[in-house]
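Structure record follows, encoded as structure tokens.
Bear in mind these aren't lab numbers, they're just calculated from the coordinates by the rules spelled out. Only a predicted model underlies this, so the values are computations on that prediction, with no experimental measurement involved. All Cβ positions, even for glycine, are placed from backbone atoms using ideal geometry, and neighbour counts span all protein chains on display.
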Amino acid sequence: MSTITPKILPSTPSATNPPLLIGDLLDSGIRMAGNNQIVYRDQCRHDYHRFRERVHQLAHTLTAQGVQAGDVVAVLDWDSHRYLECFFAIPMLGAVLHTVNVRLAPEQILYTMEHAEDVFVLVHEDFVPLLEPLASQLPNIRGYILCQEATNRFNTSLPIVGEYEALLGEQPIHYAFPTFDENAVATLFYTTGTTGNPKGVFFTHRQLVLHTLGEASTFQAPGFALLNRDKVYMPITPMFHVHAWGVPYTATLLGATQVYPGRYEPEMLVKLLVDEKVDFSHCVPTLLNMVVSADAIASRKVDLSGWKVLVGGSALTQALASRAWALGIDTRSAYGMSETCPLLTADILPQAIAEADFETQLPWRCKAGLPVPLVKLQVVDTDGQPLPHDGKSIGEVRAQAPWLTQAYYKEEQRSEALWREGWLHTGDVGSLDEHGFLAISDRIKDVIKTGGEWLSSLELESYISQCPGVAEVAVIGVADEKWGERPAALVVPEDPNNPPTADTVQEFMEQFVVQGRINRWGIPSLIRMVDEIPKTSVGKLDKKRIRTEI
Ligand code: AMP
């Protein structure tokens, strides 16, 4: 903190300085476009006024069940209008929303629910079999609300207090929400690393409101124009994962039409994209790949032109961006992580590039982008010294912003390791150019160290993905006596009956050596064709498992 003494004037005794609370985001959406709709699959739709009433009814329901400020309430659901209501009602009560990652292994789910000290649970019927065997080990949970798609009889050993719709229907449509300190914790979820137990990441009302404002201004930037009240939004990043990048809060602030797809099934996703005329989605590259490979889209029976997709969570390859562009899909990149709420950068193109054609823009569209408002980024060497913005100097990326998790929940040592010298250490390596544009080269632990050089596995993946016949690729370093490490690649062929050979891929890579983009030892010595590449619970390449399988 600086030692200067700027002038601070007293407020008049009657003045109020309202705290930044999540409930205010909802009020904004209603003022912006109260008649816009919240849609759930092909099953239900209602306007923002009804959305607010349902948030109030859910708050009454939870209060009637004894949920109080400070309690942690877990939600296990697919992406739904119900989940959106939980995003608001639970924190607006002063309670903490724990978005449970339903794709973790049962013992990890148990660990996170115990560690979070959940006292109440909302559970979709699909996840009841998962929770039934765990319930006896979670004695502090006072009750479960069942979320059902249709009202049919349901037998379970869980102590269910009622069905979501039935319970809400009994409640009044106005709740007198309290006001409280903006630094109160609003949300909590768990992120998995390469080692150890999942880590709890939490965000306050103040952080989420500021993140929402930062994201809203970014999404409305010239040339980006992803979201406003005239747009239709559908997430394809699960709501349990960093609040679907916080976009449901941003979409609500702006009053956009919101479409929730439930469980991600390619046919339903495509149906909703078309029927609801979705303008904007966000997802990891794997999900985009799944959508563009869906029969109806690849065969162009369905037209998705005009659909804008923000891709993050992993690097967007030029091959995937080009494939999407050929189908009329406009992809852009953003970068962040669970610990950063998540938004740190978005590829708001420099003016001259924004006016250029797609081919010129392509490499820029696949970079992480510019720090969004209120984010400070540095790329530092191993001594923590900032590196020049020359687009070449590569080091660890570290960040400051008013929405970064201030600690891992109940993890002192890991928290201090995350925050060193006042900066949040991302564990990613990258470079900044003269525009301040960030390019991520790799995770520190995935960088391939060969012959004294660092090779970026992401860059190699991007080049190999451009080889004809390659549908998907993952590159890792494998131990090598002479070089320390050598790159090895797993490749999923487009046509399993006619896969490219390892020689074809290696020959294809020669051009990048000739162009001086990689050294000769960047050509993987081991290339293996596989049916599938292991993915993490949120659809990213699972390099930990790939290492054990190659
Ligand atoms: P998670 O905490 O699971 O959301 O993962 C965050 C990590 O995903 C980051 O630390 C990066 O390694 C990676 N990541 C996110 N966005 C990008 C991007 N645009 N390009 C490359 N890697 C990314």
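Here are the numbers:
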| item | result |
| --- | --- |
| Above-threshold pairs, the threshold being 26 Å between Cα atoms, out of Lys199/Lys540; Lys367/Lys543; Lys199/Lys271; Lys449/Lys543 | Lys199/Lys271 |
| Considering only the chain, percent of DSSP beta bridges that pair antiparallel, nearest 5 | 55 |
| Helix-derived mean residue ellipticity, 222 nm - over the chain, DSSP H n ≥ 4, -39500 (n - 2.57), to 500 | -8500 deg cm²/dmol |
| Fewest-first ranking of Glu359, Glu411, Glu481, using other Cβ atoms within 10 Å as the exposure measure | Glu481, Glu359, Glu411 |
| Order of Ser393, Ser217 - criterion: other Cβ atoms within 10 Å of each residue's Cβ, fewest first | Ser217, Ser393 |
| For the range 104-162 versus the range 465-528, the gap between their alpha-carbon centres in whole angstrom | 45 |
| Cα-based equivalent ellipsoid, the chain: semi-axes from gyration tensor eigenvalues, Å | 39, 28, 24 |
| Neighbour-count ranking [beta-carbon atoms within 10 angstrom, fewest first] of Asp77, Asp275 | Asp275, Asp77 |
| Average silhouette area of the range 381-464, convex hull of alpha-carbon atoms, in square nanometres | 7.1 |
| Degrees between helix 266-275 axis and first principal axis of the chain (Cα, 0 to 90, nearest 10) | 70 |
| For the range 397-550: Kirkwood Rh in Å [reciprocal of mean 1/r, alpha carbons] | 17.3 |
| Cα-derived Rg to Rh of the range 153-285, Kirkwood definition | 1.01 |
| Nearest 10 degrees, 0 to 90: helix 48-64 Cα axis against the chain principal axis | 70 |
